[in-house]
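For reference, the structure discussed in these notes is given below.
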Amino acid sequence: MDGKSKKKDKKEMRSGYTTGACATATTKAALLTLITGEPQAEVTIYLPVGKFATFEMESCIIEPGLAEAGTIKDAGDDPDATHGALIKSTVTWCDKPGITLDGGVGVGRVTKEGLPVPVGEAAINPIPRKMIYETAEEILTSHGIKRGIKIIISVPEGEKIAEKTLNKRLGIIGGISILGTRGTVIPFSSSAYMASIVQAVSVARASHCDHVVITTGGRSEKYGMQQYPELPEEAFIEMGDFVGFTLKQCKRQGIKKVSLVGMMGKFSKVAQGVMMVHSKSAPIDFNFLSSVAYEAGVRDQDLLETIEQANTASQVGDILLEHGFQDFFTILCTYCCLSGLKEVGGGISIETSLYTMKGTLLGKAGKNEEQD
């Protein structure tokens, strides 16, 4: 053993495929089966990322006027909620000319404005739609077929899988979304999370929210909802570690007021101006927290040294709470607001609320670009 971590290097990690790519592949298999009468064991499609990919079919059946194919979604080494899901496409002949595409069981339906798919339609995003249409058109043309077809994409376990996603919040009811811009899934890629933030801000804006609450996770979101009971659920957005990105999106899309809700660990970084707060992005600066404590009135040298030698930011919070230095938390929240305003270049109002893990409000502060 050389002592090196056994974790896979990112370069070694296996890419997977999007639900959009799977839906396109199953549509190709089903349509070819319908035309030729021969069930397809596998098909190859061209992905938006610019390469070919071959998909094995889990099932492929033909009945009079109907063919259905299914494949198991492989997300590679990405911990995706849809990994292992069966994605199916059912293709039937249709009296209506052209290609009709819709979602079936387990594919959500859009009920709120602000998404890239109109209200009332199946949650099949624009690029997967384009992939499915173009693939189907190419097959029909190459076989000289002028008849209309209807394509139904379904995910038998989709409704259950959707419970692990933010679909309901975004107004996607009854199942998952058929997504993907590249066709492939990059393991642990931040692009999918960032795309969900953009969608969440768009839905908030379309729901006429001028004030949104951005949180670092489910627990802080719960505390935020208790703090702002007057706001609709569309106003609450989980930003994860992407503080700067989310604030910029809010400003770009015309949100007037943003409330940050979180805990000591990540917000100690935001207060310093660190806008990507993943545990590996930047260590917590305990000297900085000690200087904030000094600003809050701490003069006991032993206490300041204890802060500098603490293990976690939460521990610092506990120590200062115990010693009655409530101003520390207000000052830290103020620094978070100022860092946020600096990140976006002003133009919005930012407030910050800091909670303990158990939900006790430690401090709150607000700033806008007119304030020093």
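The values are calculated or read from the model by the stated rules, or taken from the named source; none is laboratory data. All values derive from a computational prediction rather than experimental measurement. Cβ: placed from backbone, ideal geometry, glycine included. Neighbour counts: every protein chain shown. Side chains included, ligands, DNA and RNA excluded: accessible areas come from the protein's heavy atoms. Shrake-Rupley method; radii C 1.70, N 1.55, O 1.52, S 1.80 Å.
Quick look at the numbers
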item	result
Candidate set from region 77-100 (those that are at pLDDT 95 or above and open to solvent by less than 20 Å² (accessible area, probe 1.4 Å)); member that is nearest to the chain's Cα centre (by Cα)	Ile87
Flag for Val212 being within 27 Å of Gly254 (Cβ to Cβ) and at pLDDT 90 or above	yes
Counted residues, region 274-293 - those being among the small types (Gly, Ala, Ser) and either buried (at least 18 other Cβ atoms within 10 Å of the Cβ) or within 19 Å of Leu341 (Cα to Cα) (or both)	2
Single residue of Glu121, Glu163 found to be more than 20 Å from Tyr17 (Cα to Cα) and under 16 Å from the mean Cα position of the chain (by Cα)	Glu163
Residues that are part of a loop (DSSP other than H, G, I, E, B), out of contact with any Gly (no Cβ under 7 Å at 6 or more places or on another chain) and in contact (Cβ under 8 Å) with a residue 60 or more places away in the chain, drawn from region 117-153	His143, Ile145
Residue check, Ala122 open to solvent by less than 40 Å² (accessible area, probe 1.4 Å), closer than 21 Å to Thr181 by Cα and touching a Leu at 6+ places or on another chain (Cβ under 7 Å)	no
Members of region 339-371 that are within 19 Å of Tyr223 (Cβ to Cβ), free of Cβ contacts under 8 Å to residues at least 40 places away in the same chain and either open to solvent by 60 Å² or more (accessible area, probe 1.4 Å) or basic (Lys, Arg) (or both)	Lys358, Thr360, Lys364
Residue count, region 295-306 (criterion: over 12 Å from Gln326 (Cα atoms) and surrounded by 13 or more Cβ atoms within 10 Å (Cβ to Cβ))	3
Members of region 44-71 found to be of a type in the set (A, V, I, L, M), assigned to a strand (DSSP E or B), touching an Asp or Glu at 6+ places or on another chain (Cβ under 9 Å) and closer than 20 Å to Thr18 by Cα, listed by number	Ala69
The lone exception for Asn311 - which of (1) of a type in the set (S, T, N, Q); (2) in a strand (DSSP E or B); (3) more than 30 Å from the chain's Cα centre (by Cα) it fails	(2)
Residue that is modelled with the lowest pLDDT, among those in region 320-338 that are open to solvent by less than 10 Å² (accessible area, probe 1.4 Å) and over 23 Å from Gly217 (Cα atoms)	Leu320
